[in-house]
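Scroll down for the structure; my scribbles are underneath it.
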Amino acid sequence: MTVYIIRRVLQLIPVLLGVSILVFSLMHLTPGNPAQLMAGESAPPDTIEQIEESLGLNDPLPVQYWDYISGVVQGDLGTSMRYNTPVADEVWPKFVVTLELSIYSTILSIFMGLLAGIISAVRQYSISDITIMIVALFGLSMPNFWLGLMLIQWFAVNLGWFPPTGWEGPGSIVLPVISLGTAGAAIIARMTRSSMLDVISQDYIRTARAKGVKRRVIIYKHALKNALIPVVTVAGLQFGALLAGAVLTESVFAINGMGRLLVDSIIQRDFPVVQACILIIAVVFVLVNLVVDISYKFLNKRIDLND
Amino acid sequence: MSQKQELLKINNLKQYFPIKGGVLGRTVNHVKAVDDISFNIYEGETVSLVGESGCGKSTTGRAILRLDDPTDGTVEFDGQDLLSMSKKEMRDMRKDLQIIFQDPYASLNPRMTVRQTLNEAMEIQKVVPQDERNDKIAELMETVGLQPHQVDRFPHEFSGGQRQRIGIARALSVNPKLIVCDEAVSALDVSIQAQVLNLLKKFQNEMNLTYLFIAHDLGVVRHISDRIIVMYLGKIVEMGDTKSIFENPQHPYTKALLSAIPVPDPEKKTDRIFLQGDVPSPMDPPKGCRFHTRCPFATEKCAEETPELRNEDYMEGGHVAACHYMKDIEAGVHQPTKDTTTVRG
Amino acid sequence: MSQETILEVNDLRTSFFVEGNEVKAVDGVTFDVPKGKTLGIVGESGSGKSISALSILQLIDSPGEIVGGEINFKGDNLLKYNDNQMRKIRGNQISMIFQEPMTSLNPVYTVGQQLREALKIHRGLGKEAGTEKAVELLELVGIPSPRSRVTQYPFELSGGMRQRVMIAMALACDPELLVADEPTTALDVTIQAQILELLKELQDEFNMSIIMITHDLGVVAETCDYVAVMYCGKVVEYADVHTLFKNPRHPYTVGLLNSLPRSDMDQEELEPIRGTVPAPHEMPVGCRFAPRCPFATDLCHEKLPELEDVGDEEQVRCWIYTDEWDGDPEVKVYEPEARTAKD
C-alpha cells in the first residue's frame with residue numbers, strides 16, 4: 001500500500017510539470033502585450049520596453065520558464081499587474097473561500113447522491129424511486145446559476161430565510177452550496193443507483209442472504225462497498241467540475257472567491273493572476289484524482305499494484 | 001494406420017503469452033500455455049485433446065487455426081506450413097479449416113438471419129456459385145436437422161442446441177477438411193448433446209471429415225474419439241488410441257483424471273485416486289515432470305528430469321506416455337510415495 | 001415413508017411474472033428429504049431444479065414469487081415464517097452452496113470476515129472466537145495453512161479453494177440440511193472428485209442431510225441416496241438411487257440415461273431424446289414430456305398424469321403405470337440389455 005502511494009505521488013511530478021508548462025505558455029499564446037497593458041494605451045515605447053525588461057519578457061522562453069517555475073516552487077506566483085501586489089496574497093484568501101464552497105458542495109453531493117441512489121436502487125420501480133430519478137433529472141439539467149437565482153428569489157427574497165449574497169456566517173453558505181452541489185448530487189444518485197442494482201444481482205449477495213444476514217446489513221455492508229467503486233470515480237471528477245462551476249455560482253451570490261477573481265483577471269488581462277488561478281485549479285484537480293485512486297485501492301484490493 | 005494420410009502435423013508447437021508489468025510495461029514473464037508439443041492427425045479420424053483448465057488444449061486449437069500466432073513450432077496442414085503463410089493465403093486456407101465454439105450464441109452475428117450467416121460464409125470462401133447457394137442452404141438446414149422455414153430467423157429465436165446446429169451448418173457450408181470443435185457440446189443439455197454428437201458422427205462418415213475435439217467431458221471424448229491426447233500444464237503427458245487410454249492408462253495423471261469421473265452407475269465401485277491440491281500456475285510451472293507436485297508416485301528424479309513421451313513394449317499401437325516410472329508402476333515395482341488412493345463406495 | 005424425514009416439500013409452486021404473464025418455473029413439486037441422507041434433484045436447464053432449491057430458503061427474487069405449497073422443515077411450514085424467523089433458519093439450520101465459486105464470495109471482504117459473519121449472527125461469536133472457529137472450519141474442509149487464509153481475499157484463491165470456503169461457510173453453524181446447487185459444475189473433474197468426497201465425509205461426520213441439485217447423472221449415482229427427476233417444473237420420477245439406475249420408469253429418465261455418453265463403457269450410438277424442451281409459454285396441456293416421448297398416446301397429449309406411488313418409496317408421473325393407460329400394455333420403457341451388451 002505504502003509503495004503504491006509513493007509510486008502514485010512520484011507519477012504526479014511529470015503531470016504537474018506538464019501543467020506548469022501549459023499554464024506558462026498561456027501568457028505567450030494569448031494576443032496582446034502585457035507590458036503595453038500595464039503601461040496603458042498611450043504609454044511611450046520607452047516605458048513599455050522598460051517594463052518588458054523588468055518583467056524579463058525579453059529573455060529566451062526557457063529562461064523565463066525557469067524563473068517562473070523556481071518562483072512558483074518558493075510560493076512566488078508573480079506580481080499582479082492590476083494591483084501591483086504579490087499574486088499569492090491576492091489569490092490565497094479567495095482560494096480558501098472557493099475551496100470551502102467546493103468542499104461543502106461535494107459533501108452535499110455525495111451525501112444526498114448516495115442516499116437517494118441507495119433508496120432508489122433498493123426500491124426499484126417504486127414511487128420513491130421514480131420521484132428521485134425525476135428530481136435527479138431536473139437537478140442534472142438545471143444550470144447552476146439559474147438554480148442559484150431561483151433559490152435567491154424563493155428563500156432569500158420571498159421567505160427571507162437566508163441572506164441573498166455573501167460568504168459570511170453559516171446562513172450565507174446554504175444557498176450557494178445547494179446551488180453548486182445539486183448537479184453533482186444528481187449525477188452521484190444516478191450512478192449509485194445503477195451501480196447498486198448491478199451489485200444487488202450478484203451471486204455474493206445471494207450468498208449473504210443464504211447466511212441469514214439482515215437486509216439492511218446486506219445493503220450497507222455487502223452491496224454498498226462494492227457499489228462505491230465506480231461512484232468514487234464520478235465523485236472525484238465531480239469535484240473538479242465544481243471548481244469550474246464555482247465561477248458562476250460566485251458571480252450569482254456575489255461571493256469573493258477565486259472564480260470571480262479569475263473572471264475579473266481575464267477581463268483585465270492580469271496574466272499572473274490568471275496563471276496562478278489556473279495552476280491552483282489544475283493542482284487541486286490532480287490531487288483529488290490521487291485521492292480517488294488511493295481510495296479505489298482501499299475499496300478494491302484486486303487492483304494491481306503495478307497499474 | 002500406416003496407409004492413412006496425414007492431414008495435420010504439429011511439431012514443437014509453443015504458445016507463450018507475455019505478461020506485462022512494471023512502470024514501463026516491460027515483459028516480465030510468460031504464461032507457457034503450450035510448451036513444445038508435437039502430434040499428427042490423420043484424415044478422417046477424430047482426435048481429442050483432453051485435460052483440465054489451463055492445460056493448453058484450447059490454446060492449441062486456436063494456434064492451429066492461427067487465431068493466435070504461435071511463438072514457435074510448425075503446423076503443417078495437407079503438406080503446407082500454415083505458420084509461414086501470409087494473411088491472405090491463410091484466409092483461403094480457412095475454407096478447409098473450420099472451428100465450432102462452445103458458445104454458439106456468442107459466435108453468431110445476432111443481426112444476421114441463418115440464411116445471411118450461411119451465405120456470408122460461402123461468399124467469403126467462394127466455394128459455391130451464387131445461383132446454387134439457396135439450394136445449398138436448404139440442403140444444409142436439412143442436414144443439421146433444422147426446419148426449412150427457420151432459415152430467415154435470427155439466432156435469438158433458436159434454442160442452444162439449435163444454435164449449435166447453425167454453427168455446425170456454417171462450418172460445413174464451405175466443405176472443410178478439418179473441423180476444430182472447441183468444447184462444442186459442453187454447454188448443451190445431455191439430451192441435446194447426444195443429438196449433436198450423433199450428427200457430427202454422421203457427417204464424418206458421409207464426408208470423410210476430420211475432427212480435432214477439445215473437451216473436458218471424458219464421456220463425450222470416449223464416445224467420439226479414435227485417438228486421445230492428454231495434456232497437463234501445456235505439455236502432452238499421454239497419447240494413444242481411445243481404447244488404450246481408457247483401458248490401459250499409463251501416466252499417473254491420466255489415471256487420476258479417469259478415476260475422478262463420476263460414473264452414472266451406483267453399483268460400480270472403483271478405486272479413485274485423489275490428487276492433492278490445485279494445478280500449479282502455468283507462469284511458473286514445476287521443473288522436471290510438471291505433474292510431480294501432485295503425483296502420488298513422484299520421486300526426486302521426477303522433480304529434476306523432464307520425462308519424454310515413449311512407448312513400452314506392452315503398450316499397443318501408437319500409445320505413448322511421459323512418465324519415468326510407468327513400467328515400474330505397471331509391474332507393481334514402484335509404489336506410491338504419498339497416500340492418495342481411496343476406495344469409493 | 002418409513003424413514004424419518006427432515007424436509008417435506010408439498011406441491012411447491014414458484015412462478016415468475018413477466019409483462020403480465022405467469023411462467024410456472026416450479027409447478028407443483030413434491031419430494032421428501034430423509035434425515036442424514038442425500039436427495040438428488042436432477043434435470044436439464046429449465047427443469048426448475050435450481051428454483052426449487054432457492055425456494056426452500058425463500059431466496060427467490062422479484063419478479064419471482066412462491067405462489068403455493070408447503071415446505072415442512074422438521075414439522076414446521078417454512079412458508080408461514082416471517083422474514084425474521086426465516087433469517088434465523090438460513091445459514092443456521094439450513095445452509096446453501098452455489099454453482100459459481102468464483103462469484104459467490106464477496107470480493108471486497110476477506111475469507112475470515114465472511115466466515116465470521118454467520119458465526120456472529122447465529123452464534124454471537126466475537127471477532128477472536130469467530131476467527132478461531134473460522135480457522136477450524138477451513139481446516140475441516142481441507143484448506144492448507146488455514147490461519148494465513150483467513151486474511152486473504154477471494155481473488156487470491158483458486159476455484160476449488162473458493163468452493164471449499166463456501167462449504168466451510170455453509171457448515172459454520174452445523175446445519176441439519178445443506179442445499180448444494182450444482183456445487184461442482186464449474187470445477188475441473190479432479191477438483192470435483194475432491195469436493196464430492198469432502199461433502200460425503202462431512203455428511204457422515206455431522207449426520208447432515210443434503211439436497212444435491214445437479215444435471216450430471218454421474219454425480220447423482222455417486223453421491224445420492226434418493227433421486228427426484230424433474231422436467232418442466234414437475235417431478236416426473238422419485239426413487240432410491242439403485243432403483244432409478246437399474247429400473248428407470250419414466251420415459252424421460254430413460255431418455256436421459258440413453259443420451260449419456262459414458263466414460264466407463266464403449267457405445268456405438270447414443271439415443272438422444274428427440275426435439276427440445278418446450279418454451280415456457282408453449283407448455284403442453286397434457287404430460288409435459290408427451291411431445292418428445294416415444295410412447296405418447298392421445299391420453300398423454302390430453303391429460304396431465306399425477307405423481308403416483310409405484311412402490312414403497314418410488315413414484316412416477318406417467319400414464320403407462322396407471323390403469324387408464326391406453327397404449328401397448330406390454331410396453332417396455334427400459335431395456336438394459338441394449339445398454340450393457342457392449343460393456
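In region C:232-268, of all residues being within 10 Å of another protein chain (Cβ to nearest Cβ) and either of a type in the set (Phe, Trp, Tyr) or touching a Lys or Arg at 6+ places or on another chain (Cβ under 6 Å) (or both), the one that is farthest from C:Glu282 (Cα to Cα) corresponds to C:Asp266. The residue that is nearest to C:Gln315 (Cα to Cα), among those in region C:204-222 that are of a type in the set (Val, Ile, Thr) and within 8 Å of chain B (Cβ to nearest Cβ), is C:Val220.
Among residues of region C:109-156 being at pLDDT below 90 and outside any helix (DSSP H, G or I), the one that is farthest from C:Ile195 (Cα to Cα) is C:Ser145.
Counting the residues of region C:87-101 that are surrounded by fewer than 17 Cβ atoms within 10 Å (Cβ to Cβ) and more than 7 Å from every other protein chain (Cβ to nearest Cβ) gives 0.
For first residues located in region B:197-209 and more than 11 Å from every other protein chain (Cβ to nearest Cβ), partners that are crowded, with 17+ Cβ neighbours inside 10 Å and among the basic types (Lys, Arg) and lie 6+ apart or on another chain with Cβ distances below 8 Å form the pairs B:Leu209/B:Lys177. The listed residues are B:Leu199, B:Leu212, and the only one of them that is modelled with pLDDT of 90 or more and either outside any loop (DSSP other than H, G, I, E, B) or at negative phi (or both) turns out to be B:Leu212.
For region C:292-312, what are the residues that are in contact with a helix residue (DSSP H, G or I) (Cβ under 7 Å, 6 or more places away or on another chain) and among the charged types (D, E, K, R)? Residue satisfying the conditions is C:Glu308 alone. Would you confirm, using the coordinates I've provided, whether C:Gln192 is closer than 19 Å to B:Phe274 by Cα, more than 14 Å from chain B (Cβ to nearest Cβ) and of a type in the set (S, T, N, Q)? Taking the combined requirement at face value, the residue does not satisfy it.
Evaluation of B:Ala63 against the conditions (1) surrounded by fewer than 20 Cβ atoms within 10 Å (Cβ to Cβ); (2) over 22 Å from B:Val128 (Cβ atoms) shows that the sole unmet condition is (1).
When each of B:Ser2, B:Ser38 is tested for being closer than 30 Å to B:Lys201 by Cβ, surrounded by fewer than 17 Cβ atoms within 10 Å (Cβ to Cβ), at pLDDT 90 or above and among the small types (Gly, Ala, Ser), the lone residue that passes is B:Ser38.
Selection of region A:1-12 for residues being more than 13 Å from chain B (Cβ to nearest Cβ), aliphatic (A, V, I, L, M) and more than 20 Å from the chain's Cα centre (by Cα) yields A:Met1, A:Ile5. The set of residues from region B:251-268 being touching a residue at least 60 places away in the same chain (Cβ under 8 Å), more than 10 Å from chain C (Cβ to nearest Cβ) and under 20 Å from the mean Cα position of the chain (by Cα) comprises B:His251, B:Thr254. For region B:245-258, the set of residues classified as more than 23 Å from B:Ser58 (Cα to Cα) and crowded, with 21+ Cβ neighbours inside 10 Å consists of B:Gln250 only. Taken residue by residue, region A:205-214 has no member that is closer than 28 Å to A:Glu100 by Cβ and of a type in the set (Ser, Thr, Tyr). Scanning region B:296-313 for residues that are in contact with a His (Cβ under 9 Å, 6 or more places away or on another chain) and within 14 Å of chain C (Cβ to nearest Cβ) gives no hits. In region C:308-327, is there at least one residue being crowded, with 17+ Cβ neighbours inside 10 Å and closer than 29 Å to B:Gln164 by Cβ? No: zero hits.
Total residues in region B:260-271 satisfying the condition of being surrounded by 21 or more Cβ atoms within 10 Å (Cβ to Cβ) and not in a loop (DSSP other than H, G, I, E, B): the figure is 1.
The values are calculated or read from the model by the stated rules, or taken from the named source; none is laboratory data. Treat the numbers as computed from the prediction; the structure is a model and nothing was measured. We place every Cβ from the backbone using ideal geometry, glycine too, and count neighbours over all the protein chains shown.
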